[in-house]
Amino acid sequence: PPKQIMGVSVFMSNQRQQKPTLTGQRFKTRKRDEKERFDPSQFQESIVQGLNQTGTDLEAVAKFLDASGAKLDYRRYAETLFDILVAGGMLAPGGTLSDDMTCTEFCLFKAQEDMETMQAYAQVFNKLIRRYKYLEKGFEEEIKKLLLFLKGFTESERNKLAMLTGILLANGNISASILSSLFNENLVKEGVSPCFAVKLFKSWLSEKDINSVAASLRKVGMDNRLMELFPANKRSCEHFSKYFTDAGLKEISDFARNQQSIGARKELQKELEDLMSRGEPLKDIIAYVREEIKKNNISEQTMIGLIWSSVMSSVEWNKKEELVTEQAIKHLKQYSPLLKAFTSQGFSELTLLLKIQEYCYDNIHFMKAFQKIVVLLYKADVLSEEAILKWYNEAHLAKGKSVFLEQMKKFVEWLKNAEEESESEEEDAD
């Protein structure tokens, strides 16, 4: 018999069989599952009306947007919302305003063209996105789109957009990856991109220093792409440097020049490693390096660092500590003429010593090899006693210094004695 619970019969066993089958029956779709037609006109009406009421009071605009998010579908109409706040209405492809809907005069493009007003607008966007986190991605997409539409905007509108974008980048509201829009072929060809970039960087640098700007660019790989603001026939470091220096942005042109030389150095190091692993004669490698020094205006100090890294990267090192020292001595003996060719100055010798110290510290198997490497290079006439004594007494790095100074102690004492002996011999001769 069915179980009685509080007077109600409950059929436990055959409940499963009694579920209705789906064949041939039509179910009414739930209201929330119905696909609502995409129709931003109602949404635009509400936003435009609100902005017309708040007028130029941006504090009130921020409050209105905050409150409207609860009533209006920001998630669905994010693009419409941003279009209105920037341009006063929905933008058609190319950047013109759609005529068929009501627009507002109270928007970024119609605001005053000064940094203070643009900072206030940046705050409106900042508050809106902090309140409705899901708008973040849509906002970045909007900025990318607006940059692609630059040709459709007036000069004043472009200026305001450049200022705003610089401030947003400085505040971290958007990522520097948006700059990729400026590499669009048409914008580049007509010179719109570099002109806009100048205003954008001026705005960004008025908020943050060049190190902060550089870090943001590096984070998204934009640091090596700035040349793309110019057409292929003008994509040279000289042209870029002159353009940005003339525009009053020497910091940006120095940064680009530096990036260029870092890029050139990486290429050079790779080429050196290839020459070594192919076993090219040392005289050919030396000639190649001399040529590169001239061509890229690289100092001997910088070059010796690159040569050391290349020499040490061109070989597969033994994993056993007791064997790696022997292997390193043999390898460095072979390349000592190359190292000697580019340590003609005391500074270069010191740079090499610091590179060796760093390398032995960073590669734990080499910790015990430091002294033997230095002695080998002293005997091969790569390092002078002056450089070794200077390193020992004052110029060493903090990395592993107690270990390395201890290793070098006896050799340094021997050097000092040898120096004293030779001095007294000279005195006797006098």
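Think of the stretch 279-422 as having a plus end and a minus end, set by charges on the Cβ of Lys, Arg, Asp and Glu; of 351, 377, 332, 332 sits farthest toward the positive end of this dipole.
Summarising the amide proton neighbourhood of residue 97: residues at separation of 5 or more, or on other chains, whose placed amide H is nearer than 5 Å comprise 92.
Here the contact order of the stretch 49-102, divided by its residue count and restricted to Cα pairs under 8 Å and six or more residues apart, works out to 16 percent. Taking R0 as 56 Å, what FRET efficiency do you get between residue 184 and residue 417 from their Cβ-Cβ distance, rounded to the nearest 0.05? Here the calculated transfer efficiency is 0.20.
Taking the accessible area of the chain, probe 1.4 Å, and keeping the other protein chains in place, the carbon and sulfur fraction comes to 49%. Here the calculated FRET efficiency for residue 141 and residue 362, from their Cβ-Cβ distance with R0 = 60 Å, stands at 0.90, rounded to the nearest 0.05. Mean residue ellipticity at 222 nm, helices only, the chain: -20500 deg cm²/dmol; runs of at least 4 DSSP H residues each add -39,500 (n - 2.57), and the sum is divided by the number of residues.
Histogrammed with a bin width of 10 Å, the alpha carbon distances of the chain distribute as 4, 15, 17, 13, 12, 12, 11, 8, 4, 2, 1, 0, 0 percent, first bin at zero.
Annotation: peptides 281-289, 347-355, ranked by per-residue average of other Cβ atoms within 10 Å with the highest first, follow the order 347-355, 281-289. Straight-line reach from residue 390: taking Cα to Cα under 16 Å and skipping same-chain neighbours fewer than 8 places apart, the aspartates and glutamates in range are 349, 406, 413, 419.
Over 20 Å between Cα atoms: which of 144/250; 294/340; 219/250; 368/410; 71/144 fall into that group?
Result: 144/250; 219/250; 71/144 exceed 20 Å.
Backbone phi angles across the stretch 387-397, fed through the Karplus curve with coefficients 6.51, -1.76 and 1.60 (θ = phi - 60°), yield HN-Hα couplings of 5, 5, 5, 4, 4, 5, 6, 8, 9, 6, 7 Hz in residue order; Gly and Pro are listed as x.
Hey, how many Å between the Cα centroid of the stretch 334-359 and the Cα centroid of the stretch 99-137? Taking the Cα centre of each part, the stretch 334-359 and the stretch 99-137 sit 57 Å apart.
Send over the Kirkwood Rh of the stretch 225-358, from the inverse of the averaged 1/r over different Cα pairs, rounded to one decimal Å. Kirkwood hydrodynamic radius for the stretch 225-358: 16.9 Å. Simple spin-label estimate for residue 380 and residue 110 gives 7.5 nm between the two label positions (7 Å along the Cα-to-Cβ direction from each Cα). Treating the Cα atoms of the stretch 279-422 as identical point scatterers in vacuum, please give the log10 of the normalised Debye intensity I(q)/I(0) at q = 0.10, 0.14, 0.16, 0.18 Å⁻¹, two decimals. Log10 I(q)/I(0), no solvent term: -0.34, -0.66, -0.86, -1.08.
Scoring 157-166, 66-75, 301-310 by mean Cβ neighbours within 10 Å over their residues and listing the highest first yields 157-166, 301-310, 66-75. Pairs from the list 379/401; 63/202; 266/401; 110/145 with a Cα-Cα gap above 27 Å: 63/202; 266/401. Our summary gives the chain a relative contact order of 8 percent, counting only alpha carbon pairs under 8 angstrom and 6 or more residues apart.
Annotation: per residue accessible area for the stretch 79-214 equals 41 Å², rounded to a whole number [probe 1.4 Å, protein chains only]. In sequence order, the stretch 402-411 has phi-based couplings of 4, 5, 6, 5, 4, 4, 8, 3, 5, 5 Hz under the Karplus curve 6.51 cos²θ - 1.76 cosθ + 1.60, θ = phi - 60°, and Gly or Pro positions carry x. Modelled this way, with points 7 Å down the Cα-to-C-beta line, the labels at residue 295 and residue 63 are 6.6 nm from one another.
Once the Cα-Cα distance is subtracted from the 0.36 nm per residue extended length, the residue 345 to residue 261 segment shows a gain of 28.0 nm.
Entry comment: accessible area of the stretch 279-422 is 54 Å² per residue, from protein heavy atoms only and a probe of 1.4 Å.
The values are calculated or read from the model by the stated rules, or taken from the named source; none is laboratory data. Here the structure is a predicted model, which is why all the values come from computation and not from measurement. For neighbour counting, all protein chains shown are included, and Cβ atoms are generated from backbone atoms with ideal geometry for every residue, glycine included. Heads up: the accessible areas ignore ligands, DNA and RNA and are worked out on the full protein's heavy atoms, side chains in. Shrake-Rupley method; radii C 1.70, N 1.55, O 1.52, S 1.80 Å.
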